[in-house]
Amino acid sequence: MIDLSLYVDALDDNPFEEIPVDLDTFIGQEYLGDHFVLSPIQRELVECMSQIYTLEDCTRIYGHTEGINHYRRYTKKEIIQMLGKGCSAGTDEVFLADSGKWSKIEDLQSIPNNVVAGSANGDIINQYATESFIEGNDMTYLVEIERGLEMTVTMDHAFYDIGMNRVKLRDLKVGDRIATIAKTTIDDPVRIDDREVKLLGYWIGDGIANNKRIPDAVWSLPDDQLADFLGKLWGTDGRVYPKKSRNTTHWVLEYTTISKELAVGMQRLLTRFGVLASLRSRIPTYVYNGEKRAGQRAYCLTISDKTGVERFAQHINLMDKQPLLDQAVAKYADQKAVTGRYIGDLYFGKIKAIREVMPQPVFTMTATETGNFNQNLVLNGNSGK
(Lines give C-alpha, C1' and ligand atoms only; values in the text may rest on other atoms or scores of the structure.)
Protein backbone atom coordinates (compact mmCIF):
# COMPACT_ATOMS: atom_id res chain seq x y z
CA MET A 1 0.00 0.00 0.00
CA ILE A 2 1.23 3.48 -0.88
CA ASP A 3 1.84 5.79 2.08
CA LEU A 4 0.05 9.11 1.34
CA SER A 5 0.64 10.63 4.76
CA LEU A 6 3.17 13.17 3.44
CA TYR A 7 0.66 14.45 0.92
CA VAL A 8 -2.11 14.57 3.50
CA ASP A 9 0.12 16.53 5.86
CA ALA A 10 0.82 19.02 3.08
CA LEU A 11 -2.90 19.78 2.93
CA ASP A 12 -3.08 20.64 6.62
CA ASP A 13 -5.07 23.83 7.27
CA ASN A 14 -2.29 25.21 9.49
CA PRO A 15 0.99 24.67 7.66
CA PHE A 16 2.60 27.94 8.77
CA GLU A 17 5.43 27.75 11.24
CA GLU A 18 7.11 31.10 10.42
CA ILE A 19 6.53 34.45 12.09
CA PRO A 20 5.50 36.91 9.33
CA VAL A 21 7.23 40.31 9.15
CA ASP A 22 5.31 43.50 8.67
CA LEU A 23 5.43 45.46 5.42
CA ASP A 24 7.85 48.09 6.71
CA THR A 25 10.35 45.38 7.65
CA PHE A 26 9.91 43.61 4.32
CA ILE A 27 10.55 46.69 2.17
CA GLY A 28 13.23 47.97 4.55
CA GLN A 29 16.98 47.56 4.62
CA GLU A 30 17.06 43.88 5.68
CA TYR A 31 15.06 42.47 2.76
CA LEU A 32 14.62 44.91 -0.12
CA GLY A 33 17.21 47.48 0.87
CA ASP A 34 14.92 50.53 1.18
CA HIS A 35 14.43 50.65 -2.58
CA PHE A 36 10.65 51.12 -2.31
CA VAL A 37 8.88 54.24 -1.00
CA LEU A 38 5.12 53.76 -0.76
CA SER A 39 2.45 56.41 -0.33
CA PRO A 40 -0.16 55.76 2.41
CA ILE A 41 -2.63 54.65 -0.26
CA GLN A 42 -0.17 52.21 -1.85
CA ARG A 43 0.89 50.90 1.55
CA GLU A 44 -2.71 50.16 2.53
CA LEU A 45 -3.41 48.37 -0.75
CA VAL A 46 -0.27 46.22 -0.54
CA GLU A 47 -0.97 45.23 3.06
CA CYS A 48 -4.62 44.45 2.45
CA MET A 49 -4.14 42.51 -0.76
CA SER A 50 -1.13 40.54 0.54
CA GLN A 51 -2.97 38.99 3.48
CA ILE A 52 -2.96 35.19 3.20
CA TYR A 53 -3.60 34.15 6.82
CA THR A 54 -6.85 32.77 8.22
CA LEU A 55 -8.37 34.04 11.46
CA GLU A 56 -7.05 30.91 13.21
CA ASP A 57 -3.53 31.58 11.88
CA CYS A 58 -3.64 35.22 13.00
CA THR A 59 -4.73 34.43 16.57
CA ARG A 60 -2.13 31.64 16.79
CA ILE A 61 0.67 33.94 15.61
CA TYR A 62 -0.32 37.25 17.25
CA GLY A 63 -2.47 36.17 20.17
CA HIS A 64 -6.27 36.34 20.53
CA THR A 65 -6.96 40.11 20.62
CA GLU A 66 -4.20 41.31 18.32
CA GLY A 67 -4.84 38.45 15.93
CA ILE A 68 -8.53 39.33 15.57
CA ASN A 69 -7.68 43.02 15.04
CA HIS A 70 -5.06 42.13 12.46
CA TYR A 71 -7.44 39.82 10.60
CA ARG A 72 -10.25 42.39 10.54
CA ARG A 73 -7.98 45.14 9.31
CA TYR A 74 -6.07 43.34 6.60
CA THR A 75 -8.26 40.51 5.34
CA LYS A 76 -10.54 41.79 2.58
CA LYS A 77 -13.36 39.50 1.49
CA GLU A 78 -15.12 42.00 -0.77
CA ILE A 79 -14.15 42.44 -4.40
CA ILE A 80 -11.70 45.31 -4.88
CA GLN A 81 -12.63 47.20 -8.04
CA MET A 82 -9.94 48.95 -10.09
CA LEU A 83 -10.94 52.61 -10.49
CA GLY A 84 -9.21 52.88 -13.84
CA LYS A 85 -5.55 53.22 -14.66
CA GLY A 86 -5.58 56.68 -16.18
CA CYS A 87 -2.07 57.44 -17.41
CA SER A 88 -0.20 59.99 -19.47
CA ALA A 89 2.70 60.10 -21.89
CA GLY A 90 6.11 60.20 -20.24
CA THR A 91 6.96 63.57 -21.80
CA ASP A 92 4.11 65.41 -20.05
CA GLU A 93 5.53 67.50 -17.21
CA VAL A 94 4.77 67.66 -13.50
CA PHE A 95 5.18 70.84 -11.41
CA LEU A 96 7.60 70.32 -8.50
CA ALA A 97 6.48 72.68 -5.78
CA ASP A 98 9.66 72.63 -3.70
CA SER A 99 11.76 74.20 -6.47
CA GLY A 100 9.22 75.67 -8.89
CA LYS A 101 10.68 73.59 -11.71
CA TRP A 102 8.96 71.15 -14.06
CA SER A 103 9.99 67.58 -14.77
CA LYS A 104 8.90 64.96 -17.26
CA ILE A 105 6.86 62.35 -15.43
CA GLU A 106 9.02 59.57 -16.89
CA ASP A 107 12.11 61.15 -15.28
CA LEU A 108 10.61 60.95 -11.79
CA GLN A 109 10.65 57.15 -11.60
CA SER A 110 13.87 57.06 -9.56
CA ILE A 111 13.06 60.12 -7.43
CA PRO A 112 10.74 59.33 -4.49
CA ASN A 113 8.78 61.76 -2.31
CA ASN A 114 8.37 64.62 -4.77
CA VAL A 115 6.54 67.74 -3.64
CA VAL A 116 3.76 68.39 -6.15
CA ALA A 117 0.80 70.77 -6.32
CA GLY A 118 -2.78 69.57 -6.06
CA SER A 119 -6.13 71.18 -5.35
CA ALA A 120 -8.70 70.82 -2.57
CA ASN A 121 -11.92 72.82 -2.90
CA GLY A 122 -10.30 74.99 -5.55
CA ASP A 123 -7.28 75.95 -3.42
CA ILE A 124 -3.78 74.87 -4.35
CA ILE A 125 -2.04 72.59 -1.82
CA ASN A 126 1.57 71.41 -2.05
CA GLN A 127 1.97 67.79 -0.99
CA TYR A 128 4.14 64.69 -1.20
CA ALA A 129 3.72 62.20 -4.00
CA THR A 130 5.30 58.88 -4.83
CA GLU A 131 7.75 58.65 -7.68
CA SER A 132 6.12 58.04 -11.04
CA PHE A 133 5.96 54.51 -12.38
CA ILE A 134 5.25 53.01 -15.77
CA GLU A 135 1.88 51.32 -16.25
CA GLY A 136 2.73 49.69 -19.58
CA ASN A 137 1.79 50.50 -23.16
CA ASP A 138 -1.61 51.87 -24.12
CA MET A 139 -3.33 53.86 -26.84
CA THR A 140 -3.01 57.60 -26.15
CA TYR A 141 -4.99 60.68 -27.16
CA LEU A 142 -3.93 64.31 -27.44
CA VAL A 143 -6.35 66.52 -25.50
CA GLU A 144 -6.18 70.18 -26.55
CA ILE A 145 -7.61 72.59 -24.01
CA GLU A 146 -8.41 76.28 -24.07
CA ARG A 147 -5.48 78.70 -23.56
CA GLY A 148 -3.04 76.49 -25.39
CA LEU A 149 -2.83 73.67 -22.85
CA GLU A 150 -2.59 70.05 -23.91
CA MET A 151 -1.98 66.55 -22.54
CA THR A 152 -1.41 63.12 -24.05
CA VAL A 153 -3.35 60.55 -22.02
CA THR A 154 -5.24 57.27 -22.12
CA MET A 155 -9.05 57.07 -22.31
CA ASP A 156 -9.17 56.10 -18.61
CA HIS A 157 -7.32 59.21 -17.48
CA ALA A 158 -9.31 61.26 -14.96
CA PHE A 159 -9.90 65.00 -15.18
CA TYR A 160 -12.21 67.23 -13.09
CA ASP A 161 -15.40 68.81 -14.41
CA ILE A 162 -16.77 72.16 -13.26
CA GLY A 163 -18.50 70.45 -10.32
CA MET A 164 -15.10 68.98 -9.27
CA ASN A 165 -16.25 65.46 -10.13
CA ARG A 166 -13.65 63.03 -11.47
CA VAL A 167 -14.47 62.30 -15.10
CA LYS A 168 -12.57 59.95 -17.40
CA LEU A 169 -11.58 61.14 -20.84
CA ARG A 170 -13.86 58.53 -22.40
CA ASP A 171 -16.83 60.35 -20.82
CA LEU A 172 -15.78 63.83 -22.00
CA LYS A 173 -16.35 65.55 -25.34
CA VAL A 174 -15.24 68.63 -27.20
CA GLY A 175 -16.82 71.70 -25.56
CA ASP A 176 -16.80 70.31 -22.01
CA ARG A 177 -14.87 72.32 -19.42
CA ILE A 178 -12.21 70.77 -17.18
CA ALA A 179 -10.09 72.11 -14.33
CA THR A 180 -6.75 73.70 -15.16
CA ILE A 181 -4.27 75.37 -12.81
CA ALA A 182 -4.26 79.18 -12.64
CA LYS A 183 -2.09 79.44 -9.52
CA THR A 184 1.16 77.83 -8.40
CA THR A 185 3.27 78.38 -5.28
CA ILE A 186 6.70 77.15 -4.23
CA ASP A 187 7.86 76.04 -0.80
CA ASP A 188 11.56 76.93 -0.87
CA PRO A 189 12.27 80.10 -2.91
CA VAL A 190 15.92 81.00 -3.50
CA ARG A 191 16.85 84.68 -3.68
CA ILE A 192 19.70 85.89 -5.91
CA ASP A 193 21.25 89.32 -6.41
CA ASP A 194 18.61 91.84 -7.55
CA ARG A 195 20.97 93.09 -10.25
CA GLU A 196 21.22 89.59 -11.71
CA VAL A 197 17.41 89.37 -11.87
CA LYS A 198 17.19 92.61 -13.85
CA LEU A 199 20.06 91.60 -16.15
CA LEU A 200 18.44 88.24 -16.93
CA GLY A 201 15.15 89.94 -17.82
CA TYR A 202 16.82 92.53 -20.05
CA TRP A 203 19.12 90.01 -21.73
CA ILE A 204 16.41 87.50 -22.63
CA GLY A 205 14.11 90.29 -23.79
CA ASP A 206 16.53 92.32 -25.92
CA GLY A 207 19.68 90.19 -26.10
CA ILE A 208 20.71 88.09 -29.08
CA ALA A 209 20.55 84.40 -28.34
CA ASN A 210 19.38 81.21 -29.98
CA ASN A 211 16.86 78.90 -28.31
CA LYS A 212 15.82 81.39 -25.62
CA ARG A 213 14.46 79.80 -22.46
CA ILE A 214 13.82 80.55 -18.79
CA PRO A 215 17.15 80.36 -16.87
CA ASP A 216 17.27 77.67 -14.18
CA ALA A 217 17.73 80.21 -11.37
CA VAL A 218 14.47 81.98 -12.26
CA TRP A 219 12.14 79.05 -11.50
CA SER A 220 12.90 79.17 -7.78
CA LEU A 221 12.91 82.96 -7.30
CA PRO A 222 10.67 84.50 -4.60
CA ASP A 223 7.59 86.29 -5.91
CA ASP A 224 9.01 89.84 -5.78
CA GLN A 225 12.12 88.92 -7.79
CA LEU A 226 10.09 86.84 -10.25
CA ALA A 227 7.78 89.83 -10.79
CA ASP A 228 10.84 92.01 -11.46
CA PHE A 229 12.22 89.48 -13.97
CA LEU A 230 8.92 89.20 -15.86
CA GLY A 231 8.47 92.97 -15.79
CA LYS A 232 11.86 93.55 -17.44
CA LEU A 233 11.28 90.75 -19.94
CA TRP A 234 7.77 91.87 -20.94
CA GLY A 235 8.70 95.53 -20.70
CA THR A 236 11.48 95.18 -23.28
CA ASP A 237 9.97 92.79 -25.82
CA GLY A 238 6.24 92.64 -25.04
CA ARG A 239 3.29 94.81 -25.96
CA VAL A 240 0.23 96.39 -24.33
CA TYR A 241 -2.37 97.73 -26.74
CA PRO A 242 -6.12 98.28 -27.25
CA LYS A 243 -7.78 95.89 -29.70
CA LYS A 244 -11.07 96.70 -31.38
CA SER A 245 -13.59 93.94 -31.88
CA ARG A 246 -16.85 94.95 -33.53
CA ASN A 247 -18.28 97.69 -31.33
CA THR A 248 -16.06 97.08 -28.30
CA THR A 249 -12.44 97.68 -27.39
CA HIS A 250 -10.49 95.47 -25.02
CA TRP A 251 -6.89 95.69 -23.92
CA VAL A 252 -4.34 92.98 -24.65
CA LEU A 253 -1.02 92.12 -23.04
CA GLU A 254 1.02 90.25 -25.64
CA TYR A 255 4.45 88.66 -25.83
CA THR A 256 5.71 87.04 -29.06
CA THR A 257 8.78 84.87 -29.47
CA ILE A 258 10.09 82.23 -31.89
CA SER A 259 11.12 80.10 -28.89
CA LYS A 260 8.35 77.72 -27.85
CA GLU A 261 10.35 76.80 -24.72
CA LEU A 262 10.43 80.44 -23.62
CA ALA A 263 6.72 80.97 -24.30
CA VAL A 264 5.67 77.85 -22.38
CA GLY A 265 8.00 78.80 -19.54
CA MET A 266 6.52 82.29 -19.29
CA GLN A 267 2.98 80.88 -19.29
CA ARG A 268 3.89 78.60 -16.39
CA LEU A 269 5.73 81.31 -14.44
CA LEU A 270 2.76 83.69 -14.69
CA THR A 271 0.66 81.23 -12.70
CA ARG A 272 2.75 82.21 -9.66
CA PHE A 273 0.58 85.36 -9.74
CA GLY A 274 -2.71 83.61 -10.52
CA VAL A 275 -2.51 84.47 -14.24
CA LEU A 276 -3.26 81.79 -16.84
CA ALA A 277 -2.22 83.36 -20.14
CA SER A 278 -3.30 82.03 -23.54
CA LEU A 279 -0.65 80.49 -25.79
CA ARG A 280 -1.01 80.05 -29.54
CA SER A 281 1.32 79.74 -32.48
CA ARG A 282 1.16 81.18 -35.97
CA ILE A 283 3.29 81.39 -39.09
CA PRO A 284 3.47 85.01 -40.28
CA THR A 285 3.63 85.87 -43.96
CA TYR A 286 5.45 88.65 -45.77
CA VAL A 287 5.99 89.84 -49.33
CA TYR A 288 9.46 89.86 -50.88
CA ASN A 289 9.99 91.07 -54.46
CA GLY A 290 6.27 90.72 -55.04
CA GLU A 291 6.20 87.13 -53.79
CA LYS A 292 4.27 86.10 -50.66
CA ARG A 293 6.42 84.04 -48.33
CA ALA A 294 5.97 82.27 -45.00
CA GLY A 295 8.04 83.38 -42.05
CA GLN A 296 9.27 81.46 -39.02
CA ARG A 297 6.69 80.05 -36.62
CA ALA A 298 6.10 82.39 -33.69
CA TYR A 299 4.52 81.71 -30.30
CA CYS A 300 2.20 84.35 -28.93
CA LEU A 301 1.35 84.70 -25.24
CA THR A 302 -1.69 86.90 -24.51
CA ILE A 303 -3.63 88.11 -21.48
CA SER A 304 -6.89 89.83 -22.33
CA ASP A 305 -9.44 88.87 -19.66
CA LYS A 306 -10.31 91.11 -16.71
CA THR A 307 -9.07 88.69 -14.06
CA GLY A 308 -5.76 88.07 -15.82
CA VAL A 309 -5.01 91.73 -16.54
CA GLU A 310 -5.82 92.84 -13.00
CA ARG A 311 -3.75 90.08 -11.37
CA PHE A 312 -0.83 90.80 -13.71
CA ALA A 313 -0.94 94.53 -12.92
CA GLN A 314 -1.14 93.89 -9.18
CA HIS A 315 2.32 92.32 -9.16
CA ILE A 316 4.27 93.32 -12.28
CA ASN A 317 5.54 96.73 -13.43
CA LEU A 318 6.27 97.20 -17.15
CA MET A 319 8.66 100.17 -17.03
CA ASP A 320 7.84 102.59 -19.90
CA LYS A 321 4.79 100.46 -20.87
CA GLN A 322 3.28 100.88 -17.40
CA PRO A 323 1.00 103.81 -18.43
CA LEU A 324 -0.59 101.54 -21.05
CA LEU A 325 -1.06 98.79 -18.46
CA ASP A 326 -2.72 101.34 -16.14
CA GLN A 327 -5.13 102.23 -18.95
CA ALA A 328 -5.96 98.57 -19.42
CA VAL A 329 -6.72 98.15 -15.72
CA ALA A 330 -8.90 101.28 -15.74
CA LYS A 331 -10.79 100.00 -18.79
CA TYR A 332 -11.61 96.71 -17.03
CA ALA A 333 -12.41 98.29 -13.65
CA ASP A 334 -16.12 98.72 -14.28
CA GLN A 335 -16.57 95.40 -16.09
CA LYS A 336 -17.69 92.19 -14.42
CA ALA A 337 -15.45 89.16 -14.61
CA VAL A 338 -16.81 86.19 -16.54
CA THR A 339 -18.45 83.96 -13.96
CA GLY A 340 -18.03 80.20 -13.75
CA ARG A 341 -14.54 80.14 -15.28
CA TYR A 342 -12.43 80.81 -12.19
CA ILE A 343 -13.06 78.89 -8.97
CA GLY A 344 -10.39 79.67 -6.40
CA ASP A 345 -7.00 78.85 -7.92
CA LEU A 346 -8.52 76.90 -10.81
CA TYR A 347 -9.62 77.93 -14.29
CA PHE A 348 -12.10 75.71 -16.11
CA GLY A 349 -10.97 75.56 -19.71
CA LYS A 350 -12.94 74.24 -22.66
CA ILE A 351 -11.78 71.09 -24.46
CA LYS A 352 -11.04 72.11 -28.06
CA ALA A 353 -10.03 68.76 -29.57
CA ILE A 354 -9.43 65.09 -28.73
CA ARG A 355 -7.18 63.33 -31.23
CA GLU A 356 -5.93 59.75 -31.30
CA VAL A 357 -2.13 59.65 -31.24
CA MET A 358 -0.56 56.18 -30.93
CA PRO A 359 0.18 53.39 -28.46
CA GLN A 360 3.13 54.30 -26.27
CA PRO A 361 4.53 53.80 -22.74
CA VAL A 362 2.34 55.58 -20.18
CA PHE A 363 3.20 56.69 -16.66
CA THR A 364 1.39 57.64 -13.50
CA MET A 365 1.95 58.81 -9.94
CA THR A 366 -0.09 59.16 -6.75
CA ALA A 367 -0.49 62.37 -4.76
CA THR A 368 -1.13 61.48 -1.14
CA GLU A 369 -3.22 64.37 0.20
CA THR A 370 -5.50 65.78 -2.50
CA GLY A 371 -5.66 62.77 -4.83
CA ASN A 372 -4.74 64.99 -7.79
CA PHE A 373 -1.73 66.89 -9.14
CA ASN A 374 -0.62 69.58 -11.58
CA GLN A 375 0.64 68.24 -14.88
CA ASN A 376 1.01 70.51 -17.93
CA LEU A 377 -1.06 73.07 -15.95
CA VAL A 378 -4.01 70.64 -15.93
CA LEU A 379 -5.50 69.16 -12.75
CA ASN A 380 -5.14 65.38 -13.04
CA GLY A 381 -6.82 62.75 -10.92
CA ASN A 382 -4.61 60.13 -9.28
CA SER A 383 -3.82 57.09 -11.38
CA GLY A 384 -2.66 53.59 -10.59
CA LYS A 385 -4.92 53.56 -7.55
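The values are calculated or read from the model by the stated rules, or taken from the named source; none is laboratory data. From a predicted model like this one, the values you see are computed outputs, not experimental measurements. Note that each Cβ is placed from the backbone with ideal geometry, even for glycine, and that neighbours are counted across all protein chains shown. Just the protein is used for accessible areas: all its heavy atoms, side chains included, with ligands, DNA and RNA removed. Shrake-Rupley method; radii C 1.70, N 1.55, O 1.52, S 1.80 Å.
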Any residue in segment 208-224 that is part of a loop (DSSP other than H, G, I, E, B) and among the β-branched types (Val, Ile, Thr)?
-> yes
Of all residues in segment 109-154, which are free of Cβ contacts under 8 Å to residues at least 60 places away in the same chain and aliphatic (A, V, I, L, M)?
-> Ile111
Members of segment 150-203 found to be among the basic types (Lys, Arg) and under 19 Å from the mean Cα position of the chain (by Cα), listed by number = Arg166, Lys168, Arg177, Lys183
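If we keep just the residues of segment 281-304 that are part of a strand (DSSP E or B) and within 32 Å of the chain's Cα centre (by Cα), which is nearest to Lys260 (Cα to Cα)? Don't jump to the end; show me each part of the working.
First, the residues of segment 281-304 that are part of a strand (DSSP E or B): 281-282, 285-288, 291-294, 298-303.
Still in the running and within 32 Å of the chain's Cα centre (by Cα): 281-282, 298-303.
Numbers: Ser281: 9, Arg282: 11, Ala298: 8, Tyr299: 6, Cys300: 9, Leu301: 10, Thr302: 14, Ile303: 17 Å.
Looking at residues that are part of a strand (DSSP E or B) and within 32 Å of the chain's Cα centre (by Cα), I get Tyr299.
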Could you please let me know if Gln327 is outside any strand (DSSP E or B) and either open to solvent by less than 10 Å² (accessible area, probe 1.4 Å) or without any contact (Cβ under 8 Å) to a residue 60 or more places away in the chain (or both)?
-> no
Over segment 116-140, the set of residues open to solvent by 10 Å² or more (accessible area, probe 1.4 Å) and either under 15 Å from Ile181 (Cβ atoms) or modelled with pLDDT under 85 (or both) is Ala120, Asn121, Asp123, Ile124, Ile125, Asn126, Glu131, Phe133, Ile134, Glu135, Gly136
Could you check how many residues of segment 263-304 are modelled with pLDDT under 95, touching a strand residue (DSSP E or B) at 6+ places or on another chain (Cβ under 8 Å), open to solvent by less than 80 Å² (accessible area, probe 1.4 Å) and not hydroxyl-bearing (Ser, Thr, Tyr)?
-> 4
Restricting the search to segment 205-226, which residues are open to solvent by 10 Å² or more (accessible area, probe 1.4 Å) and in contact (Cβ under 8 Å) with a residue 40 or more places away in the chain?
-> Asn211, Lys212, Arg213, Asp216, Trp219, Ser220, Asp223
Restricting attention to segment 356-373, does a residue exist that is open to solvent by less than 50 Å² (accessible area, probe 1.4 Å) and closer than 30 Å to Asp237 by Cβ?
-> no
